[in-house]
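The values are calculated or read from the model by the stated rules, or taken from the named source; none is laboratory data. The structure displayed is predicted, hence computed values, not measured ones. Positions of Cβ are generated from backbone atoms using ideal geometry, with glycine treated the same way; all protein chains shown enter the neighbour counts. All accessible areas refer to the heavy atoms of the entire protein, side chains included, with ligands and DNA or RNA removed. Shrake-Rupley method; radii C 1.70, N 1.55, O 1.52, S 1.80 Å.
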Amino acid sequence: MKHLLIVTLGFPPANSMSAHRNYIRAKGFDEQGYRVSVVTRAWDQGQIIARTADLSPSEITTEKLFTNTTVYRVPFGPDRIAGLNPVQRLALKLTGRQHAAATRKFAENLCYFICPLDYAFRLTFSLDDLARVIGAPPDFVLASGDPWSNFDVGHDLARYFKAKYIAEYRDPWNYTDEKFRIEGFNTYNDNLVSQLKRRYAAVREKHFNKNADLVIAASEPFLENALAMTGVKNGMVVTNGFDRAEIDPIPVEKYERFTLCYIGTIYSQQRAEIFFQALQQFIDKHSIPPKDICVKMIGSKFSHGFETTLKQIKTCRYHEQIVEYLDRVDKHTSLKIQKSSAVLLFFAHEKSVGIFPGKIFEYIVAGTPILLVPSDHGVLETLIRKTQTGSVCNSVAQTVEFLEKQYFAWKKNGKSPYHPDRNTVDEYSYQEITKKLIAKLESL
């Protein structure tokens, strides 16, 4: 039986796309007859577990999952890093909140260069202790970033077990071209310290991943960037997937209003103003009562870029009557809203390429037409057109035309017109993605 070890911070009970992706990956490999070990952070009812003075094997807890999967939960955080010298320990101590802001800032910058990567939120354990708990060594170690310290951990585990090492990029760590930069995520300022950090980050990336047996990434542009940064020649695109067994049984709720839905985080670089300007024009053109329309923004209000988005939303003078802001919801509720809505919204990122938001793979299987406005002129537009799961609009006029088609069909038939290519959609199921990844791994 082949053995895959996955290194990730994202795993249930965390409620994140990373957690869901790694969960269905473990499920997929398990179903294909693999033994799967997941090394992830320790939780206790959603919180990090308490620490003890010294790391011990008893702090590596195990959970059985599926048929042949075991989850190994290990300590997490800065106070568990072993082998620090006195200077490193002092620098870490000075990052504490009890110290003045200037002292903390200096110490944080110092720690960036002299302490282990992601010292404040990294998996921390003894390789020997983990080996004793796992038993039979893995054939493959797959480290999924970010945080990028997962590459540090995965690199060490692969060397320790003499296993094939797979580095997975869901976003670029560093970038060879400005087009791969994601504002607020891998952004550096022009000041000297920031530029030194950028150079050091690039050195670390190459050190951890230059000997990877395979680099996988969420999109073709991200893969291109990762291969250029690391010098690795062997790469593969592995998108997020979906599980029909999780989605299809969820019942559809009948909404009394024509409901358009945006799920999840929204960033300041996403352009929502075209849609909201078009929505106002559509309402005015046809004298639609605003109470007939609802735009649900699920979990978006807590995004870093929401203040910018709110200004764009207010370009529609009916926003107070139409837009509903909901807190983050669990996955089942999110999927039910997606299936029950008339339209699913996504606003493309400006100036960035290759961004495949995790939710897009729920969107394409939800049975609801997608509106991408404006286009990313890249991976999202290609996916939507290939699967025939929605429309792409780049202007107010195009968006008004789309709204007219969808709204009046919904008014007449109770649903929006939707004719996806189901066979193409199913290429993005976790089962199909798993089969392709296994074929690649077994060719290494």
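Things worth noting here:
- Efficiency of FRET from Cβ geometry, PHE121 and VAL329, R₀ 25 Å, rounded to 0.05: 0.50
- Computed over the chain with a Gaussian network model linking Cα atoms closer than 10 Å, the most mobile of GLU401, GLU224, GLU381 is GLU401.
- Residue with peak Gaussian network fluctuation, the chain [Cα springs, cutoff 10 Å], from PRO290, PRO369, PRO138: PRO290
- GLU442 contributes about 100 Å² of solvent-accessible surface, heavy atoms of the protein only, 1.4 Å probe.
- GNM remark for the chain: springs join alpha carbons under 10 Å apart, and the peak mean-square fluctuation among ASP128, ASP248, ASP139 falls on ASP128.
- Charging the Cβ of each Asp and Glu at -1 and of each Lys and Arg at +1, and nothing else, the dipole of region 71-136 about its Cα centre rounds to 220 debye.
- Accessible area (Å², per residue) of the chain, counting only protein heavy atoms and a probe of 1.4 Å: 45 Å²
- Taking every alpha-carbon pair under 8 Å whose residues sit at least 6 apart, region 252-370 reaches a relative contact order of 37 percent.
- 21 Å Cα-Cα threshold exceeded, pairs from LYS2/LYS164; LYS27/LYS440; LYS164/LYS440; LYS64/LYS339: LYS64/LYS339
- Of the trypsin sites (Lys or Arg not before Pro) found in region 84-142, those in coil by DSSP whose Cβ has at most 16 other Cβ atoms within 10 Å are ARG97.
- Modelled label positions at THR61 and ASN109, each set 7 Å beyond Cα in the direction of Cβ, lie 4.0 nm from each other.
- In order along region 279-295, the Karplus-derived 3J(HN,Hα) couplings, from 6.51 cos²θ - 1.76 cosθ + 1.60 at θ = phi - 60°, round to 4, 5, 4, 4, 4, 5, 4, 10, 6, 6, x, x, 5, 7, 10, 9, 10 Hz, and Gly and Pro are given as x.
- Packing here is the average count of other Cβ atoms within 10 Å per residue, and on that basis the peptides 316-322, 339-345, highest first, run 339-345, 316-322.
- P(r), alpha carbons of region 185-240 - 10 Å bins starting at zero, rounded %: 23, 44, 27, 6
- Accessible area of the chain belonging to carbon and sulfur atoms, whole % at 1.4 Å probe: 51 percent
- With contributions of -39500 (n - 2.57) from each DSSP H run of at least four residues, the per-residue ellipticity at 222 nm computed over the chain stands at -11500 deg cm²/dmol.
- For the chain, a crude dipole built from +1 on the beta carbon of Lys and Arg and -1 on the beta carbon of Asp and Glu, taken about the Cα centre, is about 300 debye to the nearest 20.
- Distance between modelled label sites at GLN98 and ALA439, nm, 7 Å Cα→Cβ extension: 5.9 nm
- Heavy atoms of PHE306: accessible area, 1.4 Å probe, square angstrom to 10: 20 Å²
- Percentage relative contact order, region 311-444, counting C-alpha pairs under 8 Å, at least six apart: 19 percent
- Put simply, the amide H of ARG328, placed in the peptide plane, has neighbours under 5 Å in GLY299, leaving out anything fewer than 5 places away on its chain.
- Where no second cysteine Cβ lies under 4.7 Å, the cysteines concerned in the chain: CYS261, CYS294, CYS316, CYS393
- Projecting the Cα atoms of ALA212, ILE114, TRP148 onto the dipole axis of region 56-215, where Lys and Arg carry +1 and Asp and Glu carry -1 at the beta carbon, places ILE114 farthest toward the positive end.
- Beta bridges by DSSP in the chain, antiparallel share as percent, to the nearest 5: 15 percent
- Computed on the chain, with alpha-carbon pairs under 8 angstrom and 6+ residues apart, the relative contact order is 12 percent.
- FRET efficiency, 1/(1 + (r/R0)^6) with R0 51 Å, evaluated for LYS411 and ASP129 via beta carbons: 0.20
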